[in-house]
Amino acid sequence: EAEAGLRKALDLHRKLLGEEHPDTASIYNNLAGNQNAQGKYAEAEAGYRKALDLRRKLLGEEHPHTAAGYNNLASNQQDQGKYAEAEAGFRKALDLHRNLKGEEHPHTAASYNNLAYNQNAQGKYAEAEAGLRKALDLHRKLLGEEHPDTASIYNNLALNQNSLGKYAEAEAGYRKALDLRRNLKGEEHPHTAASYNNLAYNQNAQGKYAEAEYYSRRAVASISTARLAFSWAGVDRTTETSQMLSFTLFAALLARGGKTEEAWQRFEEGLGRGTGDDLAARLRRPRADQDRQTEIVRRLDRLDRLLKQTAAPGGETPEIRKSREDLLSRRLAALDELDVLARHLEKTYGPAEGQVFERAAIQAALSPETALVAWLDRPGQANAADPNGDHWAVLLRSSGLPVWERLRGSGPSEAWTDGDTRLPEDLLRTLNTAQGDGRSLAKKLRAQRLGPLANHLAARDGLPAVRRLVVLPSYLMDGVPIEVITDGYTVSYALSGTLYAHLRKQSRPESDGLFALGDPVYDPPARPEDKPKPLPPGGLLLTAVVPGANAARAGLRPNDVLLRYAGADLAARDDLTKLVEAHAKDEQVPAAAWRDGKAFDVKFAPGKLGVVVATDPAPKAIAERRKTDEWLHASRGDDGKWEALPGTRAEVEALRRLFADGKAPAKVLLDSDASEQTLDALAKKNDLEKYRYLHLATHGIADSRFPLRSAVILSRDALPDPLKQVENGLYPYDGRLTAEEVLRTWHLKSEMVTLSACQTALGKHEDGESFMGFAQALLLAGSRSVCLSLWNVNDAATALLMERFYQNLLGKRDGLKEPMKKADALAEAKAWLRELSREEALKRVAVLTNGVERGKGRKPLPLLSEVPAEVGKDNKPYAHPYYWAAFVLIGDAD
């Protein structure tokens with residue numbers, strides 16, 4: 001919404017003030033900032049460059065706004081991983097701040113810090129250390145020792161020293177930051193928790209495991225109540241929360257010490273935390289409780305801001321100390337209120353934020369033949385006491401204690417190696433590119449990950465052998481379909497044991513039937529191709545014309561070109577100034593102008609014209625403006641060319657036939673109807689709640705930086721104007737259904753949602769959540785499970801797989817006496833596709849496409865041609881895991 005408003009502001013500024021105006025430069029900068037916040041880094045970079053160029057031209061190189069422009073552009077390049085370019089920009093900003101504001105200025109101190117952060121990212125730790133020391137000196141001098149920003153610089157310097165292996169020096173910095181944060185912000189504050197956590201990592205690197213466990217425990221205690229008070233709890237703030245606290249280290253330390261039961265509980269606490277927070281919030285029905293929580297959170301926010309103000313430069317006075325103590329006391333009282341409210345909500349509505357089920361409650365949700373399995377991988381550090389890190393396999397069955405088994409490496413004496421760490425990545429590369437069969441890699445990975453658990457997976461202690469695996473988020477293994485390394489189990493996935501048990505406890509939905517979407521119209525309305533417009537032969541571009549002034553009375557408008565004045569050609573602004581002065585006493589002055597490719601004569605009264613003239617000659621200025629207009633048009637949305645997916649139409653039509661004789665007929669959206677605005681209208685009326693299954697077959701894109709902006713692509717041929725949408729208080733559609741939109745507007749009562757598209761299971765990898773994106777959004781929206789993909793999928797193979805999958809789910813396949821459970825149905829469909837002969841595949845594709853017609857004006861549906869050529873002697877075109885292993889089931893497996 002903000003982007004649409006900023007574009008309107010930019011259009012008005014360019015029209016009223018002209019392109020070359022400081023305020024116009026500011027709007028370019030603001031629009032770029034908005035795009036940067038959305039992850040549109042390339043578009044933002046172009047805007048930042050435009051703003052910087054204008055500021056250099058209009059304000060000069062030595063100006064604070066120019067320095068800010070260099071810094072903004074550098075920050076954008078840093079976000080894109082263009083570290084060398086960013087470093088040059090940060091250096092330029094630092095030089096300007098030093099020249100303009102002096103060495104001892106907060107902006108200069110911030111520039112030292114920015115440059116050091118960039119150098120750290122490049123591994124230039126020694127250079128970064130020098131810059132951080134300088135920033136620390138300035139912060140101490142300008143803001144004082146007792147200031148939150150000074151504490152942050154102590155922390156940043158310690159992080160840098162830790163990277164250099166200077167663990168003793170880093171420890172001193174971490175302790176200083178901790179002391180300051182405890183004094184300034186209190187014990188129960190996320191920044192205090194982060195300092196405890198950093199100290200734990202530092203102590204672990206030095207081999208001080210008991211001390212590391214102690215600080216991990218303090219970090220947990222510090223964050224447990226504090227996280228309730230901050231708006232960043234939830235899936236859209238998972239990055240911030242994971243940076244505050246890592247349960248991985250804590251669990252590894254406990255497992256190392258033989259405290260396996262507590263290790264499981266701490267490990268479970270670190271899984272699905274953001275999703276669990278949002279789930280708990282959604283379970284809170286009474287509005288009064290929500291309003292009360294909001295009021296306490298706002299009160300805490302005000303107290304935090306007041307606490308920061310007590311850290312004023314100049315040292316601590318008795319009055320400041322008393323004020324801080326009073327604020328801390330009021331903050332603790334508010335936290336106590338929040339804790340009481342959280343306990344009430346937990347007792348009444350389910351697990352509160354930050355809470356997880358106890359082991360027994362999770363085990364009660366497991367059948368005797370089911371096991372939760374996960375792997376804990378904590379990378380080592382150079383020069384640390386244990387440079388190999390920690391690597392564990394974790395297993396929980398329906399009864400008995402949790403199992404922790406160390407993973408064996410392939411190095412001498414079973415030491416862990418870099419090759420062991422890369423093994424999942426190497427296998428995944430063969431899977432999602434169909435390059436190489438990967439069988440030897442899969443065998444090695446099975447031995448590494450499942451081998452240590454073999455005895456625990458077998459029948460023992462009165463339990464049958466495990467037949468079903470529920471895989472939890474596992475860092476290095478996330479994104480690897482476990483079905484590829486073992487065919488002895490039915491595999492599904494869950495975000496945590498708590499969320500798995502929660503879904504299992506819910507009653508089955510009463511909804512029925514299918515909602516399906518496919519074959520959208522990807523191409524936006526064709527824009528009439530702009531004919532190449534001629535440029536003026538010369539002259540000066542008028543960027544603004546004062547109403548009622550001399551030029552306006554002569555009929556000139558902004559964006560006209562003044563070619564000649566008093567018979568003389570114009571090439572520079574000085575030419576016009578001199579000519580106006582020379583003819584100030586004339587009765588009338590003849591001139592020539594140019595507009596939209598045509599020259600015309602005008603006559604002026606003598607004297608000033610009342611115009612603003614572009615700096616560059618008109619041909620260059622207009623050419624640059626046209627480039628800017630083209631960039632602005634291109635950056636309005638995703639103008640990527642999406643290939644048609646005719647197979648998606650055959651896919652959803654096949655599903656329509658399967659559901660035709662059910663209690664509720666299938667609702668299918670195709671062609672222009674398969675649009676974001678249609679889906680939004682259904683969501684607003686809660687019509688999506690009616691369907692037991694939802695199936696969207698289209699293109700998908702994963703956003704690895706802003707996971708809730710991962711999207712599936714919908715029809716774009718009838719999109720309403722985004723600015724008009726915003727002006728009417730409506731959401732501006734762009735033809736993409738994002739995970740954020742699902743989280744915000746969808747309310748489901750479904751058994752399963754399938755996104756039959758590329759990479760819909762991916763997003764941003766987060767500690768404890770696996771890949772953030774559609775999985776979390778759809779489960780929170782009310783689906784018991786989701787079926788999503790791990791890589792770019794083949795059109796024909798997906799259509800075949802999905803038809804078989806739903807046949808199994810509905811029990812509508814020869815040989816089935818009853819419907820199959822979801823995980824079993826998907827596993828059988830994968831095994832069937834893997835063994836399918838080329839001849840049978842071609843027959844099935846022909847059946848799928850027979851009689852299926854596309855919408856008016858669209859190309860006919862071709863026979864799907866993606867069936868690969870015969871593969872070796874087996875004649876099984878889909879035998880490679882690339883074709884059958886991409887789709888995974890997350891949530892309730894039954």
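What size of dipole, in debye to the nearest 20, comes out for the chain about its Cα centre when the only charges are +1 on Lys and Arg C-beta atoms and -1 on Asp and Glu C-beta atoms? The partial results should precede the final answer.
Details: 124 positive and 125 negative charges, 139 e Å.
The calculation lands at about 660 debye.
Over the chain, what is the mean sequence separation of C-alpha contacts under 8 Å (at least six apart), divided by residue count, expressed as relative contact order in percent?
Values: 1627 pairs, mean separation 85.1, N = 894.
Relative contact order for the chain comes out at 10 percent.
Counting only protein heavy atoms and using a 1.4 Å probe, what share of the accessible area of the stretch 425-507 belongs to carbon plus sulfur, as a whole percent? Walk me through the intermediate numbers first.
Numbers: 1710 of 3560 Å².
That fraction is 48 percent.
Expressed as a whole percent, how much of the Cα-Cα distance distribution for the stretch 417-464 exceeds 17 Å?
Details: 527 of 1128 pairs.
The calculated P(r) of the stretch 417-464 puts 47 percent of pairs beyond 17 Å.
For the pair residue 765 and residue 383, how long in nm is the line joining their label points, each one 7 Å along Cα→Cβ?
Modelled inter-label distance: 2.7 nm.
By how many degrees, 0 to 90 and rounded to 10, does the Cα axis of helix 418-433 deviate from the longest principal axis of the chain?
80
In the structure shown, do any of 15/598; 663/749; 15/724; 134/322 have a Cα-Cα gap over 26 Å, and if so which?
Numbers: 15/598 21 Å; 663/749 16 Å; 15/724 19 Å; 134/322 32 Å.
Checking Cα-Cα distances, 134/322 exceed 26 Å.
Can you list the HN-Hα couplings for the stretch 74-80, worked out from phi with the Karplus curve (6.51, -1.76, 1.60; θ = phi - 60°), rounded to whole Hz and with x for Gly and Pro?
Along the stretch 74-80, the couplings run 5, 5, 4, 5, 4, 4, 8 Hz.
Please report, largest first and rounded to whole Å, the three semi-axes of the ellipsoid equivalent to the stretch 1-156, where each semi-axis is the square root of five times an eigenvalue of the C-alpha gyration tensor. Before the final figure, lay out each step's value.
Values: eigenvalues 180, 58, 40 Å².
Sorted largest first and rounded, they come to 30, 17, 14 Å.
Accessible area per residue of the stretch 1-105 at 1.4 Å probe, in Å²?
Values: 4410 Å² over 105 residues.
Computed with neighbouring chains in place, this is 42 Å² per residue.
Using only the C-alpha atoms of the stretch 454-604, find the volume of their convex hull and express it per residue in Å³. Write down the numbers at each step before the final one.
Working: hull volume 54.3 nm³, N = 151.
With only Cα atoms used, the stretch 454-604 gives 359 Å³ per residue.
Taking 0.36 nm per intervening residue step and subtracting the Cα-Cα distance, what contour gain separates residue 415 from residue 172 on full extension?
On the way: separation 243, 0.36 × 243 = 87.48 nm, distance 3.16 nm.
So the chain would gain 84.3 nm between residue 415 and residue 172.
How long are the semi-axes of the equivalent ellipsoid of the stretch 566-718, taking √(5λ) for every eigenvalue λ of the Cα gyration tensor, in whole Å from largest down? Don't skip to the end; give the middle numbers.
Numbers: eigenvalues 806, 50, 41 Å².
Over the Cα atoms of the stretch 566-718, the semi-axes work out to 63, 16, 14 Å.
Here are some pairs, 578/603; 82/166; 50/627; which of them have Cα atoms lying more than 20 Å apart in this structure? It would help to have the intermediate numbers written out before the result.
On the way: 578/603 18 Å; 82/166 28 Å; 50/627 11 Å.
Pairs exceeding 20 Å: 82/166.
With every protein chain kept in place and ligands, DNA and RNA left out, what is the accessible area per residue of the stretch 443-515? Probe 1.4 Å, answer in Å². Provide the component values of the computation, followed by the final result.
On the way: 2900 Å² over 73 residues.
Accessible surface, normalised per residue, equals 40 Å².
Kindly state, to the nearest 0.05, the FRET efficiency for residue 306 paired with residue 620, given R0 = 45 Å and r defined as their beta-carbon distance.
Details: r = 54 Å, r/R0 = 1.20.
Efficiency computed from Cβ-Cβ geometry: 0.25.
Which percentage, to the nearest 5, of the DSSP beta bridges contained in the chain is antiparallel? Mind dumping the intermediate values first?
Working: 43 of 71 bridges.
If we restrict to bridges inside the chain, about 60 percent are antiparallel.
Would you please give the FRET efficiency between residue 705 and residue 601, computed as 1/(1 + (r/R0)^6) with r the Cβ-Cβ distance and R0 = 56 Å, to the nearest 0.05? Don't skip to the end; give the middle numbers.
Details: r = 56 Å, r/R0 = 1.00.
So the FRET efficiency works out to roughly 0.50.
In a shell of Cβ-Cβ distance under 15 Å around residue 586, excluding residue 586 itself, what net charge do Lys and Arg (+1) and Asp and Glu (-1) give? Each step should come with its number before you reach the end.
Values: positive: 564, 578, 585, 603, 608; negative: 581, 587.
Here the charged neighbours net out to +3.
Starting from the Cα-Cα distance between residue 435 and residue 552, subtract it from 0.36 nm times their residue separation and give me the gain in nm to one decimal.
That pair, residue 435 and residue 552, stretches by 35.3 nm at full extension.
Tell me the label-point distance for the pair residue 105, residue 292, using the 7 Å Cα-to-Cβ offset, in nm and rounded to one decimal.
5.1
Please compute the modelled spin-label separation between residue 533 and residue 364, points set 7 Å along Cα→Cβ, answer in nm with one decimal.
Calculated label separation equals 7.1 nm.
Within the stretch 684-708, which residues have the backbone N less than 19 Å from the label spot 7 Å out from residue 523 along Cα→beta-carbon, could you tell me?
Residues 699 qualify, since their backbone N sits under 19 Å from the label point.
Please give the direction-averaged projected area of the C-alpha convex hull for the chain, in square nanometres with one decimal. Don't skip to the end; give the middle numbers.
Numbers: hull surface 176.7 nm².
Mean orientational projected area (the chain, Cα hull): 44.2 nm².
If the reach is capped at under 12 angstrom between alpha carbons, list the aspartates and glutamates near residue 533, excluding any in the same chain fewer than eight residues apart.
Of all the aspartates and glutamates, those that pass the test against residue 533 - Cα under 12 Å, at least 8 places apart if same chain - are 596.
Enumerate by residue number the chymotrypsin sites (Phe, Trp or Tyr not before Pro) in the stretch 27-61 meeting two conditions: DSSP loop (anything except H, G, I, E, B), and at most 14 other Cβ atoms within 10 Å of the site's Cβ.
Numbers: sites: 28, 41, 48; in loops: none.
Those that pass, being in a loop and sparsely packed, number zero.
Pairing the Cα long axis of helix 795-810 with the longest principal axis of the chain, what angle in degrees results, from 0 to 90 and rounded to the nearest 10?
That helix lies at roughly 50 degrees to the long axis.
Cα axis of helix 247-256 to longest principal axis of the chain: angle in degrees, 0 to 90, nearest 10?
Roughly 30 degrees between the two axes.
Under the 0.36 nm per residue contour assumption, what length would be gained going from the current alpha-carbon distance of residue 62 and residue 572 to full extension? Display every interim value, and only then the final one.
On the way: separation 510, 0.36 × 510 = 183.60 nm, distance 2.44 nm.
Working it through step by step, the gained length comes to 181.2 nm.
Given a 1.4 Å probe and the protein chains all in place, what does the accessible area of residue 820 round to, in Å² to the nearest 10?
Roughly 50 Å² of residue 820 is accessible to a 1.4 Å probe.
Return the FRET efficiency for the residue pair residue 850, residue 408: r is the Cβ-Cβ distance, R0 is 56 Å, and the value is rounded to the nearest 0.05. Kindly include the intermediate steps, with their values, before the conclusion.
On the way: r = 54 Å, r/R0 = 0.96.
The formula returns an efficiency of 0.55 here.
The values are calculated or read from the model by the stated rules, or taken from the named source; none is laboratory data. None of these values were measured; they are calculated from a predicted model. A quick note on method: Cβ atoms are made from the backbone with ideal geometry, for glycine too, and the neighbour counts reach across all protein chains shown. The area values use the complete protein model at the heavy-atom level, side chains included, leaving out ligands, DNA and RNA. Shrake-Rupley method; radii C 1.70, N 1.55, O 1.52, S 1.80 Å.
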